[in-house]
1. Return the only residue of Thr288, Thr212 being at pLDDT below 95, among the polar types (S, T, N, Q), crowded, with 17+ Cβ neighbours inside 10 Å and in contact with a strand residue (DSSP E or B) (Cβ under 7 Å, 6 or more places away or on another chain).
2. Going through the stretch 15-29 one residue at a time, which ones are assigned to a strand (DSSP E or B) and surrounded by fewer than 19 Cβ atoms within 10 Å (Cβ to Cβ)?
3. Can you tell me which residue among Gly262, Gly242, Gly282 is of a type outside the set (A, V, I, L, M, F, W, C), within 22 Å of Leu181 (Cα to Cα) and without any contact (Cβ under 8 Å) to a residue 40 or more places away in the chain?
4. Is it true that Gly86 is within 22 Å of Asn15 (Cα to Cα), assigned by TED's automatic domain parsing to the domain that holds Leu263, buried (at least 16 other Cβ atoms within 10 Å of the Cβ) and not aromatic (Phe, Trp, Tyr)?
5. Within 19 Å of Ala139 (Cβ to Cβ) and over 16 Å from the mean Cα position of the chain (by Cα): does that describe His274?
6. Here is a list: Ala168, Ala119, Ala123. Which entry is hydrophobic (A, V, I, L, M, F, W, C), part of a helix (DSSP H, G or I), crowded, with 17+ Cβ neighbours inside 10 Å and not assigned by TED's automatic domain parsing to the domain that holds Gln294?
7. Tell me which residues, restricted to the stretch 195-239, are assigned to a helix (DSSP H, G or I) and under 18 Å from Lys179 (Cβ atoms).
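The values are calculated or read from the model by the stated rules, or taken from the named source; none is laboratory data. Computed from a prediction, not measured in an experiment: that's the story for all the values here. All Cβ positions, glycine included, derive from the backbone under ideal geometry; neighbour counts span all protein chains shown.
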Amino acid sequence: MFEHINLTNFKCYKNTPFDMKDLVVFCGNNSVGKSTVIQSILLLIQNEFSGSLRLDGDFIKLGSYKEVHNMDANTDSLLLEAVIDGHRLSWGYERDPLSEDEKDSNLLPFSESMDLGLAGSIANEVREKYKNNFNFLCAERWGPRDNYPYSNQRRSRSWLGIHGEYTAQVLTNLLESSKSLGEGDPRIHDKITSRLVIDNFTKWMGEISPDTFVKSDSITHANISTNQFVFDGHTYRATNVGFGLSYALPVVLSLVMARSGGLVIIENPEAHLHPKGQSYLGRLIQKTAEAGVQVIIETHSDHLLNGIRVAARLSENYIAGSSRVFFVSPGEDQSNVEPIDIGDKGELSNWPSGFFDQQAEDIRTLMKGVDR
């Protein structure tokens, strides 16, 4: 797993370490740097941990060195460092100054301190680890469509696409398979005994919209897939049911089908869901992390966070501190980051000002009739 990230002069961070956990939650105001850490990880994966990171790729497009170098930095140095399963890898420039050609480049090489032979060997090992056991869902997912693309050129059979565009295709494969969760997997819904992934996916979707069944099909000769929703025996096309169902499908599926040792990254998983749906999605996120999958999310939802805390509280196997929140806030010359650990009773290690306190602020104003 990603155990540690350190960003030096990368976007809004001048020199900031992140000690990662099984579950990592980024939260804070808009445009303070939550996505930046996720982008640094995606940059490594989209380049397959190669010795030269291209800043523009399939997952993210960051431009050139000049666009990602911290504008308040005192030197030209820029480093992305990651510790993965005990192995350290580092990309960027430790020296100063850089040439104008290097500043105009959209490539970041292995840093000068890396042993290139060793780095290449580690990169190969890590590349294989995440090749078939990784999903990333960006904030801009696909909503209801009459049909979705079908492709045999995807990253892996479980790859949903960054917009969730291959969800119908992956669901079709699951419906035709007998893929199961391991015995005792925390993601097995407590209201069923079946370990089939598709059965547990359906049950977790039911926490968002009760008695929902998703009927997927792939028309391979036309390279399209379809999703339909079944309620009380009646089938409806995706465009005739709630927007949130289609938006949540890839989120729930990515979590339920991920295998131990894998990685799932989701931006704003709560989008378009009602409070209970957000809370139960938080429970599933926590249970997925307990199943051995590293989960990294960015969220603005206190309901989702509370669902994570509830799952930790109810779990018999949760280890205190194995889930961590990073609260990101603006600073003078770089973003401030405050780690908040979740205890085994669901308690938070600290509660900084501005951290999901708006409801309390609004209630205070309602009660007193005076704004701060």
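1. Values: Thr288 fails: at pLDDT below 95.
From the options Thr288, Thr212, the qualifying one is Thr212.
2. So the first thing to find is which residues in the stretch 15-29 are assigned to a strand (DSSP E or B), and the list is 15-19, 23-28.
Within the stretch 15-29, Asn15, Pro17, Asp19 qualify.
3. Numbers: Gly262 fails: without any contact (Cβ under 8 Å) to a residue 40 or more places away in the chain; Gly242 fails: within 22 Å of Leu181 (Cα to Cα).
Just one listed residue meets the conditions, Gly282.
4. Working: within 22 Å of Asn15 (Cα to Cα): yes; assigned by TED's automatic domain parsing to the domain that holds Leu263: yes; buried (at least 16 other Cβ atoms within 10 Å of the Cβ): no; not aromatic (Phe, Trp, Tyr): yes.
Spelling it out, it is not the case that Gly86 is within 22 Å of Asn15 (Cα to Cα), assigned by TED's automatic domain parsing to the domain that holds Leu263, buried (at least 16 other Cβ atoms within 10 Å of the Cβ) and not aromatic (Phe, Trp, Tyr).
5. Details: within 19 Å of Ala139 (Cβ to Cβ): yes; over 16 Å from the mean Cα position of the chain (by Cα): yes.
Yes.
6. Details: Ala119 fails: not assigned by TED's automatic domain parsing to the domain that holds Gln294; Ala123 fails: not assigned by TED's automatic domain parsing to the domain that holds Gln294.
None of the other options fit; the residue is Ala168.
7. Step one: list which residues in the stretch 195-239 are assigned to a helix (DSSP H, G or I), which gives 197-206, 220-222, 238-239.
Across the stretch 195-239, the qualifying residues are Val197, Ile198, Asp199, Asn200, Phe201, Thr202, Lys203, Trp204, Met205.
Here's the yes/no breakdown for (1) surrounded by fewer than 23 Cβ atoms within 10 Å (Cβ to Cβ); (2) on the phi < 0 side of the Ramachandran plot; (3) in contact (Cβ under 8 Å) with a residue 60 or more places away in the chain; (4) under 21 Å from the mean Cα position of the chain (by Cα):
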residue	(1), (2), (3), (4)
Leu305	no, yes, yes, yes
Ala312	no, yes, no, yes
Tyr318	no, yes, no, yes
Gly321	yes, no, yes, yes
Arg324	yes, yes, yes, yes
Ser329	yes, yes, yes, yes
Ile340	yes, yes, no, yes
Lys345	yes, yes, no, no
